[in-house]
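Comments concern the structure below.
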Amino acid sequence: MAEPEKAEALGPDTLRLPPEAARKLGLSPGARLEAAVCRSSVELRPDIHSLAKVYIEPSSRCNLSCRTCIRQTWSEPLGDMDLPLFQRPAAAAYGLRASSSVHNVE
Ligand code: SF4
């Protein structure tokens, strides 16, 4: 486990988070957090509208047939997202401060 980073109290109601913690929470300026006080600790939870990760599933095809898969209930034909459609959310996500990674499964 990594060494905890230090947050800084700037006043009785203002807290500065370490940049890595803010990044992990997907925070942008003005973002609001939920603070849950529990005995001697406080848990900070991101607002439901802050975005930390974006998952894009560019294909509905799969070689497997798991019984619990959502695809078992679909009636739509299987297929792949075309490149222009993929590029729109990918370009929007590019501007986010959240970390990004691309997984390619072939
Ligand atoms: S859950 Fe669905 S998409 Fe995932 S491996 Fe199984 S069949 Fe494929």
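What follows draws every value from the coordinates through simple rules; no lab data is involved. It should be emphasised that the depicted structure is a prediction, and the values quoted were computed from it without experimental measurement. Note: ideal-geometry Cβ built from the backbone for every residue, glycine included; neighbour counts use all protein chains shown.
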query = Once both labels are modelled 7 Å past Cα along the beta-carbon direction, what's the Thr68-Ala93 spacing in nm?
reply = 2.3
message = I need the calculated FRET efficiency for the pair Glu76 and Lys53, taking r as the beta carbon distance and R₀ as 41 Å, to the nearest 0.05.
response = 0.95
